[in-house]
Structures are given as C-alpha cells and as structure tokens.
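Structure, as structure tokens:
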Amino acid sequence: MMKVFGVFARAGAPKMPYWAQVTVIPLLNIFVALALAGCVVLLLGENPFKAMAVMLQGAFVYPGGLGFTLYYTTNLIFTGLCVAMAFHAMQFNIGGEGQAIIGGLGVALFLLFVGDSLPLIICLPLAVLAAAAAGGAWAFIPGYLYAKRGSHIVITTIMFNFIAAAVLQYLLVNVLIAPGQMSPQSVKFAERTHLPQIHELLALVGIETESTPLNISLFLALAAAVGFWFLIWRTSWGYALRTVGQSERAAVYAGIDPARMTVQAMAISGALAGMVGVNALMGDAHRILLGFATGYGFAGIGVALMGRNHPLGIVLAAALFGILTQGGSELNFEFRNITRDLVIVIQGLIILMVGALSLMLDPPVARLIALVSRRKEET
Amino acid sequence: MSAAEFWLLFVLLLDATLRVSTPLMLAAMAGLFSERSGVVDISLEGKMLGAAFAAGATAYATGSPWLGLAVAIAVSCFMGGLHAFATVTHRGDQMISGLAANMLAAGLTVTLGIAWFQQGGDTPPLPAEARFSPLNFPELAFLADIPLLGPYLAPVYTELLSGHNLLVYVALAAVPLTAWVLMRTRFGMRLRAVGEAPSAADTAGISVAAMRYQAQLIAGLLCGVAGCYLAIAHSANFVPHMTAGKGFIALAAMIFGKWRPKQAMYACLLFGFFEALAARLQGVEIAYIGQLPSNLITALPYILTVILLAGFIGKATAPAAIGTPYVKGR
C-alpha cells in the first residue's frame, strides 16, 4: 500500500508535534519551492521579487484579479477534495482531470438536451447532480476494476484521463459542435440556466465591480468542503473509510468491506472533480469547449498534499494555488521573458517538496523543534 | 488498385509505424529498467520532454546533433537521479515524485524556451547537418528484378528497412539489449531481485539503493535518446509539450507487454500502428463505414491497457515490490 501521507517517524528523529506538521512544514515547503522558482526567474535575467510583486498584484489588486483568483480557487477546492477523498481510502486518484472532463460533459449534455424543458428549480440541482454523477461514474470504474479485478488505480485513472480527453474531443468535433462554428465548442446553454456570477449579484445591491467568471459555485465548493469534513470525521461511513485507510486488516476484522469502501470513496472523489464542470461551464463558459479542465486534476494533487487532506487545509491551499494561477497570468503582460508557465514550475516544485520530498525536511525540523522545546523546559 | 500498389501503401503504413514507435520503444525499455527495480516511473513523459528540449536547444546552439544527444541524455539522467533521490534516498511517494517531474518538465521547457528563443516556446528550426538525418542503405537494384516477388520485396527494403535515422536503429537494438541485460546478466538478475524481493536481495549483500539508482540512470539514458529523437531526428525543432502523452503510451505498452522487453516492444509497435493508422485515416472516407473517428483510434492504447489490467487479456503481474520504498532492517 502506498504511503501517501508520508511516514513521519524515522528512526532516531523525534516525533513532530501536530501543530508543526500543519504550520511549519507546509510553510517551509512553500518557501523552498518559491526560492527555487526564484532561482529560475534569476536565470531568466529578471528580478524574482518584482515577479512576486506582480503576481500578488495580479491576484489581488488589479481590477477583477480577486474574482479570477477565487474562480480558480473554486475549481481547485473541488479537485483538491477529490484527491483527498481518495487519499483517505489510501488510494491515489490521479484522474481528477478526466473526471472533471466527464463531469463537464454530464452537465453540458443535460443542459443542452434535457434541462431546457424543465422548470428552473428542478433543472439547476439536476444539472449539478449530472456533473457529480458523470464524474463519479468515471472514477467508479477504476475503483470497481481495482476492487474486483485488481487493476492498479493510478494506472487506470491515468489511462482514463486520456480516454476522457479523446471522448470530449470526439464529441465536440463530431457531434456537439455549434453549426457554423470553426473551433470545437457547443452552442450556448439556455440563458436562464447560467449560474449567477458574483459581479451580477453585487450589481443588484448597487456595488459595481469588474466582470469576472467568479460565480456562486464558490459557495458550492465551500459547502462541499464542510460536507467533506462532516462525512469523514462525523459519520460512521467516514470512520469506516479512515479505518480502511489506516489498516485494511483491522477494517476487515471490524466487519468493514474494504473493497466496497474504496469503490464508494472513488465514486465520491470523482463526483467532486466533476463539479469543476459546474463552475467552469455552467458558471463561466456557458457552453462546453476543449480544455476547460486542463491542469486542475494535477494541481488538485498539490492542493490535497499541501492541505494535509483536511478540508480547511485544502481550502487554504486551493486559495494559494488560485493566487499562483491568477498572479501567473499577469506575468505575461509585465515581463518579456516570463509567462504563466512559470506557475506550472512552481506547482511542480511545491508537489515535489510537499509530496515526494516530504521526508527530507521533516527529521531536521523535528529535531530542531525538540531541541528548542527541551531548552524551554530546562530554563 | 493493383496488389503491388496496395502492398506499397501497407509498407508505408508500417514505415510510419516504425517512426512513431521509436520513442515508445525507448521509453518503454526505460520504464522496464525502472519498474523492474521496484520504482514506478510515471515520469517517462517528463524525462522525454526535458530531453527533447535539451536536444533542440543544444543542437541549435552548437550545430551538432551529437552534442544535442549528449545534453539530452544528461538532462534526462539528472531527472532520473532526482526521482531516485526523492523515492530511494528519502522514500518519497513514487507517483507523486513522477508527477512533480512531469510538471517541472512541462513548465520549465516552455519557460526557458520562451525566454531563450522568443518563439513562443519553440526552439528554432535546425539545418539538416544539426539533425540526425536518414541513413540510406546501399541500393539493391536487383530486388525489383526478382520475378513475382520483386515489386513486393523492393519497397520493404527501400521504405521500411532503409532510410531511417540512426536513432530508429538504436531503438530497435535497445530491445534485445534490454532483454539480454535484464534476463541474462548478473546485473539484470540483481536488478530484478531488488524489484521482487528487496529484503532478500539485501540479505544477499546487494545494495537495494545502489541498484535502484542505477536503474533510474539507465532509464534516464534511454528516455534521453527518445526525447532527442523527437526533437532533432523525427522533427526539426522542439515544440512545447511535443511528447503529448507518448511517455504514458510507453508506460501503457510496458504494462501491456507484462513488464517483459520483447512483449513491450510488440505493444509499442501495436500502439504505434494505431497512431500511424489514425493519422493516415484522418478525413478519409471508407466504403460502408464512412469516416473512422481518429480521436477514438488514438485512445485505443489506453482502452486496451485498461482492459488488460483488469485481467481480461491474460494476467499482467507487476514486480512484487513495486511502489514501496525499501526500509533496511525491517
């Protein structure tokens, strides 16, 4: 079984206190990742601090910046929760992108072919359900194949990412493309099914803001995070899932069917990723098009790792990644040599530090903390 | 259409298959070394991408394809070393390390490419002498003169066997070489032992860490050649994201070949054939069927691998210790 959480106790090193695990270590990892990214910026002949300032301005200060930041954050909360849900079952769902694509297809097909004939009060929840069901089904299959046929979930979900991309491309190019349209995108969803965007709502109460894609899906994402917390830590289902994640043998002994739990967790995981379709299509693009989910599945892995699989941590980490994404798009305008691709580098570095090299910084930090706290006791 | 013409079309399709299968075979062999030593390698894609950029940039700067190849291998080996550092030395998660490597390669190649060459991430097109150009075998005119078989044999020789660049033949040689090293040498036996039963290998005095590091470096070498092929042999420059999932197709082919060199090569050729066929059939109307959806044909390798992994086409068993860091003294 994979040790996705990392094992913190290495022989000889003192145990890391919990408060340090959730504060010092993530901050230290971000610092190292940003410092390495700063070296890349230096290599390109630009000033890293200026780049950082531009990114922060882009994410918060520039007109509409904050709206875009929160829009990206919404997508990242969904995929972060998706990855974390699978992590709690000790599974690695690398297929968030594929599940988001299929979730988007679910909501788009529903709105294009069924939704228009239904009253709005039924149509909107059903559209959200369609996204969740489609995304969930796309993760259910790898979960089922793992439980019943022993297929490795990581490999299957990677393959499913590519299959989903091919299916989307095929449907858009051959079936859903709007008549007379050159680029592969569908016709617009009916106006009344568009999710209200925040700037529209603010305009209703007389506050004029820049038009941004931020829409009420953000509240859906926050609600999903609360629901995630409740499900994992306050229900018997969550207890059973965490038992499976900790020890399959203990779970079996307690009468829990690990295969069943894994399949269910994967389906919920995929449903969460599918919600990207709601935010990106129902809330912003108002049609289905290529590339609406690109990168969110992988970034979600970084978000879940950074957030230590806890909803609160995930929301914060998603905000950080959202700031990076929006701030990064400002780099194109301010620098000749730096583009938003730098954000992929930073995300990769964060994932490397927090995920793959998580054990590198832990022992020295734990030793340092133990040393400091012992000093305090002595004095 | 005469039989000979149809045969020529078929041979040309096989020729295209060989060209697209070359990086797949190299990367699949790289994956074999890594995974047989017990380290999952989803970063074949990133290694190839990094190598492709290194090759394109170096060959442009120096005008030498050989220096391009050398730097490509160095970059790819560095990435393999990083993967080993994270997963062997620090026992990090192998999937996450591989994922990080892929993201770093995807981001860095474009970032550096734009900054250095100002062409939207492309490296500038190379003149012929800075690339690996086709090697043409001596002409065998008598082949075409053989009665009956002549028109069939000649295209096989001129189109399929001759006229590829050196790296295609390197890829073809890499397969038996990999099979020999893995299955017939002491080094290969030790490498497999480390992937199947690391504690037993450790007891026998074999350093698990050293074997896994070496496996990563060999994987780096092979991915370096594959990336170099993409940028300066198959094409005339590096283009952002030019691997386009080839690393994952190679990974799929390796699994489809049940972690065995020869079978993995067949899987690469099969998947390459799909790709060549999809390219060939793009927009072509076929009687009674209409247009075949080329998007779906390109997804066939992934679909087949899922079906295989689910145990519907024989059983694919991964090396026993794969994915788990080795902890001495347990």
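General remarks:
- Complete set of residues in segment B:76-92 that are at negative phi and either open to solvent by 50 Å² or more (accessible area, probe 1.4 Å) or of a type in the set (F, W, Y) (or both): B:F78, B:L82, B:F85, B:T89
- Which numbered condition B:R280 misses (of (1) touching a residue at least 60 places away in the same chain (Cβ under 8 Å); (2) under 25 Å from B:R192 (Cα atoms); (3) open to solvent by 60 Å² or more (accessible area, probe 1.4 Å)): (2)
- Breaking point among (1) open to solvent by 70 Å² or more (accessible area, probe 1.4 Å); (2) farther than 18 Å from A:G143 by Cα; (3) at pLDDT below 95; (4) of a type outside the set (A, V, I, L, M), for A:T212: (1)
- The residue that is farthest from the other protein chains (Cβ to nearest Cβ), among those in segment A:178-189 that are open to solvent by 40 Å² or more (accessible area, probe 1.4 Å) and in contact (Cβ under 8 Å) with a residue 12 or more places away in the chain, is A:K188.
- Here A:Y170 does not qualify as buried (at least 20 other Cβ atoms within 10 Å of the Cβ) and closer than 23 Å to A:G96 by Cβ.
- Subset of segment B:1-42 that is assigned to a helix (DSSP H, G or I) and charged (D, E, K, R) - its residue that is nearest to the chain's Cα centre (by Cα): B:R19
Conditions tested, residue by residue: (1) at the interface with another protein chain (Cβ under 8 Å from one of its Cβ atoms); (2) touching a Ser or Thr at 6+ places or on another chain (Cβ under 9 Å); (3) polar (S, T, N, Q); (4) under 22 Å from A:L305 (Cα atoms).
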| residue | (1), (2), (3), (4) |
| --- | --- |
| B:H83 | no, yes, no, yes |
| B:G98 | no, yes, no, yes |
| B:A101 | yes, yes, no, yes |
| B:G113 | no, yes, no, no |
| B:Q119 | no, no, yes, no |
| B:P124 | no, no, no, no |
| B:E129 | no, yes, no, no |
| B:S133 | no, no, yes, no |
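- Condition check for B:A105: part of a helix (DSSP H, G or I), within 14 Å of chain A (Cβ to nearest Cβ) and in contact with a Phe, Trp or Tyr (Cβ under 6 Å, 6 or more places away or on another chain): no
- Counted as qualifying within segment A:262-371 are the helices (runs of 4 or more DSSP H) with 3 or more residues that are over 30 Å from B:G120 (Cα atoms), namely A:296-306, A:311-334.
- Restricting B:G195, B:G247, B:G220, B:G188 to those that are within 14 Å of chain A (Cβ to nearest Cβ), closer than 16 Å to B:E35 by Cβ and either out of contact with any Asp or Glu (no Cβ under 7 Å at 6 or more places or on another chain) or open to solvent by less than 70 Å² (accessible area, probe 1.4 Å) (or both) reduces the list to B:G247.
- Count of residues meeting criterion [open to solvent by 40 Å² or more (accessible area, probe 1.4 Å) and either more than 8 Å from every other protein chain (Cβ to nearest Cβ) or in contact (Cβ under 8 Å) with a residue 12 or more places away in the chain (or both)] in segment A:337-360: 2
- Which listed residue, of A:F110, A:F92, is within 14 Å of chain B (Cβ to nearest Cβ) and open to solvent by less than 50 Å² (accessible area, probe 1.4 Å): A:F92
Every residue, every condition in (1) at pLDDT 90 or above; (2) assigned to a loop (DSSP other than H, G, I, E, B), yes or no:
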position: A:A9; (1), (2): no, yes
position: A:N29; (1), (2): no, no
position: A:A37; (1), (2): yes, no
position: A:F49; (1), (2): yes, no
position: A:F68; (1), (2): yes, no
position: A:L81; (1), (2): yes, no
position: A:G103; (1), (2): yes, no
position: A:F110; (1), (2): yes, no
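- The set of residues in segment B:255-266 being assigned to a helix (DSSP H, G or I), open to solvent by less than 10 Å² (accessible area, probe 1.4 Å) and farther than 22 Å from A:A164 by Cβ consists of B:P261, B:A264.
- Criterion: within 14 Å of chain B (Cβ to nearest Cβ) and either modelled with pLDDT of 90 or more or open to solvent by 70 Å² or more (accessible area, probe 1.4 Å) (or both) - qualifying residue of A:V175, A:V205, A:V154: A:V175
The values are calculated or read from the model by the stated rules, or taken from the named source; none is laboratory data. From a predicted model like this one, the values you see are computed outputs, not experimental measurements. Using ideal geometry, Cβ is built from the backbone for each residue, glycine included, and neighbour counts are taken over all protein chains shown. Calculation scope for accessible area: heavy atoms of the full protein, side chains included, ligands and nucleic acids excluded. Shrake-Rupley method; radii C 1.70, N 1.55, O 1.52, S 1.80 Å.
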